[in-house]
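I have placed the structure first, in the form of structure tokens, so that the comments after it can refer back to it.
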Amino acid sequence: MSIYPIILSQTTFTHKDNLTYPFEERGLQFGDGIYEVVRIYNGQYDLFEEHLNRLFRSAEAIQLELPFTKEQLAQLLMELLKKNDMTADGIIYLQATRGSAPRNHVFPKEASTNVYAYVRDLPRNETNQANGVCTITQPDERWRNCYIKSLNLLPNVLAKQAATEKGCYEAILHLDGEVTECASSNVYMIKSGKIYTYPATNRILKGCVRIRVHNYADEIGVPFIEESFSTEAIASADELFLSSTTSEILPITKVDDTVIANGRPGPITRQLQKRFEQQIEQYRSCTTEYTK
Ligand code: DCS
């Protein structure tokens with residue numbers, strides 16, 4: 001199944017065909033909203049708390065009132081999987097906007113937050129995991145509050161499209177030559193046994209998988225250094241990889257015309273990937289069964 005039939009709309013469940021919004025909707029007209037993408041392995045949420053925490057952080061940052069507490073939302077999202085009898089690998093997409101109201105930049109007084117969430121299948125991409133992917137570099141033309149998971153994704157969309165048109169998987173963004181992150185993932189350079197990545201400031205989205213990468217690095221004794229690196233440094237990198245909910249920990253083997261090291265995923269990236277796979281094994285050994 002691609003998109004599962006039952007969706008969460010506000011705080012209740014409905015069939016996906018029942019969800020319609022007026023065209024004067026603030027997500028549509030202003031990108032005035034936030035979102036989250038949570039991974040599902042074998043019918044179970046991965047990094048659930050981290051995603052919920054970030055959603056509430058984003059909401060607070062844009063003064064958006066959510067119609068539930070974190071605990072209530074967690075309950076609703078668990079219920080959503082159950083109602084769809086979802087036992088596969090997939091993702092949930094959740095979006096919250098400042099509501100439907102006559103178009104006016106100022107926050108509407110009369111509108112209330114529009115929320116929906118739906119579930120879809122998404123198998124793991126084992127080929128990419130094994131071989132790595134190629135990327136391009138692009139100037140980071142986004143706003144300064146990238147720590148908010150906002151719906152304003154136009155610069156990200158354009159960067160990703162440029163990558164796709166060059167037959168690449170991702171675009172590595174840079175601010176005047178300093179690498180920040182990718183269009184929809186975080187990026188890391190390994191040099192002389194250390195992992196470098198842009199500090200978790202307002203300039204990047206602090207990925208949930210990034211938290212995991214940091215933990216793994218600590219576990220295997222590889223220094224995790226929150227320091228930016230330049231696009232020039234990429235040419236002499238030992239290894240390069242990216243991370244996100246949908247891409248997991250993914251080796252990068254080429255950037256523009258530069259092949260990274262010997263063009264194959266490096267040993268530290270492999271160790272991190274292995275730890276990740278071990279961690280998601282827990283979901284495989286625990287079968288989800290819903291009794292209706
Ligand atoms: N940076 C950006 C700009 C992102 O959009 C994402 C996630 C990340 C980093 C990595 O964050 P997570 O580790 O929490 O996933 N992007 C999501 C998206 O829009 N689709 O899938 C993942």
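Every number in this text was worked out from the coordinates using simple rules, so none of it is lab data. Please read these numbers as outputs of a predicted model, since none were measured by experiment. Positions of Cβ are backbone-derived with ideal geometry, glycine not excepted, and every protein chain shown enters the neighbour counts.
Any idea which of Tyr216, Ser185, Met78 is furthest toward the positive side of the dipole for the chain, if Lys and Arg beta-carbons carry +1 and Asp and Glu beta-carbons -1?
Of Tyr216, Ser185, Met78, it is Met78.
Extent of the chain along each principal axis, from alpha carbon coordinates, in Å, largest to smallest?
Rounded to whole Å, the extents work out to 55, 47, 33 Å.
Between the range 46-65 and the range 134-196, what's the alpha-carbon centroid distance in Å?
Value for the Cα centre distance between the two parts: 22 Å.
List the residues of the range 156-193 whose backbone N lies under 20 Å from a point placed 7 Å from the Cα of Asp238 along the Cα-to-Cβ direction.
Flagged as within label range: 187-193.
Mind listing P(r) for the range 34-144? All alpha-carbon pairs, 10 Å bins, whole percents.
Reading upward from the zero bin: 12, 34, 30, 20, 4, 0.
Over the range 163-292, calculate the relative contact order: mean separation of alpha carbon pairs under 8 Å at least 6 apart, over the residue count, as a percent. Walk me through the numbers on the way to the answer.
Values: 202 pairs, mean separation 27.2, N = 130.
Across the range 163-292, relative contact order equals 21 percent.
Relative to the longest principal axis of the chain, what angle (0 to 90°, nearest 10) does the C-alpha long axis of helix 70-83 take?
Relative to the chain, helix 70-83 is tipped by roughly 90 degrees.
I need the trypsin sites (Lys or Arg not before Pro) found in the range 121-210, filtered to DSSP loop residues with at most 13 other beta carbons within 10 Å of theirs. If you can, show how the numbers build up before the last one.
Working: sites: Arg124, Arg142, Arg144, Lys149, Lys160, Lys166, Lys191, Lys194, Arg203, Lys206, Arg210; in loops: Arg124, Arg142, Arg144, Lys149, Lys166, Arg203, Lys206.
Loop-located and lightly packed - Arg144, Lys166.
Restricting everything to alpha-carbon atoms, can you work out Rg to Rh for the range 223-273 with a Kirkwood hydrodynamic radius?
Taking Rh as the inverse mean 1/r over Cα pairs, Rg/Rh reads 0.95.
Packing-wise, with mean Cβ within 10 Å as the measure, how do 2-13, 262-273, 231-242 rank, highest first?
Numbers: 2-13: 15.6, 262-273: 17.4, 231-242: 19.7.
Final packing ranking: 231-242, 262-273, 2-13.
In the Gaussian network model of the chain, springs joining C-alpha atoms below 10 Å, which of Ala111, Ala217, Ala159 carries the largest mean-square fluctuation?
Ala111
At Ile225 and Ala61, where each label point lies 7 Å from the Cα along Cα→Cβ, what is the point-to-point distance in nanometres?
Each label point is offset 7 Å from its Cα along the Cβ direction, giving 2.6 nm.
Kindly provide the helix-only [θ] at 222 nm of the chain, computed as the sum of -39,500 (n - 2.57) over DSSP H runs of four or more divided by all residues, to the nearest 500 deg cm²/dmol? Before the final figure, lay out the partial values.
On the way: 7 runs with 82 residues, N = 292.
Computed mean residue ellipticity for the chain: -8500 deg cm²/dmol.
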